[in-house]
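One structure is given here, and the rest of the page talks about it.
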Amino acid sequence: MHSEGHVPMVRPVTGDARERQISRAFVELADTLVDDYDMIDMLDRLVAHSVLLLGADAAAIMLVDADGELRTVAASSEDAELMELLQLQAGEGPCVECVRASAPVAVVDLSDTDRWPRFVAAVAARTEFRSVHALPLRLRGQAIGAMNLLHRAPGPLPENDLALGQALADVATIGILAERTVRRTEVVAEQLQTALNSRVIIEQAKGVIAQYGGLPMDQAFERLRGYSRRHNLRLADVARNVVNGRLNPRGVVTEAGARRR
C-alpha cells in the first residue's frame, strides 16, 4: 500500500453553514480545468469535505492503479489509513468489495457481520471504528476506486448523506478521469510527433540515397527499407544514420544492388 496524503480532522457543520460548505465543496471538486490542477490535492479535499459534511469520524480513498491494484491515496487520519491497510492486507473488506461490485457497500455494525472475517477481526483488534460506508468512484458502471466513510459508533448514515457523499464522489471521479484523458492525449500527441519526425528523417534519407545512387525516390526508399529489414533495424534509425553520416549511403545502395544481381 502507498498513501499519498492526510487531511486534518474537522468538525461537522450544520444549517446554513452546511449549505455554504456543500456549494464550496462542489466548486472545489469541479475545478479541474486549472493549469495547476493536482489530483492528490483534490482527493484530500474530497476526504475533508466528506468528514465535514457527512459527520464521519474519518474517511479515506483508494484508487485502482495501472496494474489493477488498490492504493490508498488520501486519508483523514492515521486510523483511517490503517483501515485501508487492513483491507489490503486481508484482500477483503467494504472498500474492496465496493470497487469489485462498482456499488455502495454499507456495514452498520462491524461486530455483527459474518462478512470478511479476516478484515473484521483485524479492525476489532487494532481500531475503534465500528461502522463503514463505502461509496464507489465510478463512471458508467466502472469503478476506479472507492471512498470509505468511517464511524466509531455503529449505525447507518441517513439516505440524504449517502446521496450527497455519492454526488461528491461522482464529481471527483469526473476530475480524475479528465486528468487521465489529458495524460493519454499527451502521450498520443508525443507518439504522433515522434512518427512525424521519423517521417521527415526518412524523406531526407531517401533524398541522400537517391542522389548517391542516381535512383528515383521510390527505389531509394526500397533500398532503405530493404537495408533496415536485412539488418533487423528500425527504418527511422537507418534513415537517421544515413542523414547524420554514420551510415555511408554506398552501403545501402550497393548491398541492395548486389543482392539484386
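Sort through Ala153, Ala125 and tell me the only one that's in the same structural domain as Ala48 (by TED's automatic domain parsing), more than 23 Å from the chain's Cα centre (by Cα), under 21 Å from His49 (Cα atoms) and surrounded by fewer than 23 Cβ atoms within 10 Å (Cβ to Cβ).
Residue meeting the stated conditions: Ala153.
Does the range 42-52 hold any residues that are farther than 16 Å from Ile174 by Cβ and in contact with a Gly (Cβ under 8 Å, 6 or more places away or on another chain), and which are they?
Result: Asp44, Ser50.
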(request) Find all pairs meeting these conditions: Cβ atoms under 9 angstrom apart; at least six residues apart or on different chains; first residue within the range 208-233 and part of a loop (DSSP other than H, G, I, E, B); second residue charged (D, E, K, R) and surrounded by fewer than 18 Cβ atoms within 10 Å (Cβ to Cβ). (result) Leu215/Glu222
(request) Would you kindly identify the strands (runs of 3 or more DSSP E) lying entirely within the range 45-136 that contain at least 3 residues that are touching a helix residue (DSSP H, G or I) at 6+ places or on another chain (Cβ under 7 Å) and within 20 Å of Pro156 (Cβ to Cβ)? (result) 58-64
(request) Could you list all residues from the range 72-87 that are more than 17 Å from Glu97 (Cβ to Cβ), touching a strand residue (DSSP E or B) at 6+ places or on another chain (Cβ under 8 Å) and crowded, with 18+ Cβ neighbours inside 10 Å? (result) Val73, Ala74, Ala75, Ser76, Ser77, Asp79, Ala80, Glu81
(request) Would you please name the residue that is modelled with the highest pLDDT, looking only at residues in the range 238-258 that are out of contact with any helix residue (DSSP H, G or I) (no Cβ under 6 Å at 6 or more places or on another chain) and assigned to a helix (DSSP H, G or I)? (result) Asn241
(request) Scan the range 45-62 and give yes if some residue there is β-branched (Val, Ile, Thr), within 14 Å of the chain's Cα centre (by Cα) and modelled with pLDDT of 90 or more, otherwise no. (result) yes
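The values are calculated or read from the model by the stated rules, or taken from the named source; none is laboratory data. Model, not experiment: these values are computed from the prediction. FYI the Cβ positions are ideal-geometry reconstructions off the backbone, even for glycines, and counts take in every protein chain you see.
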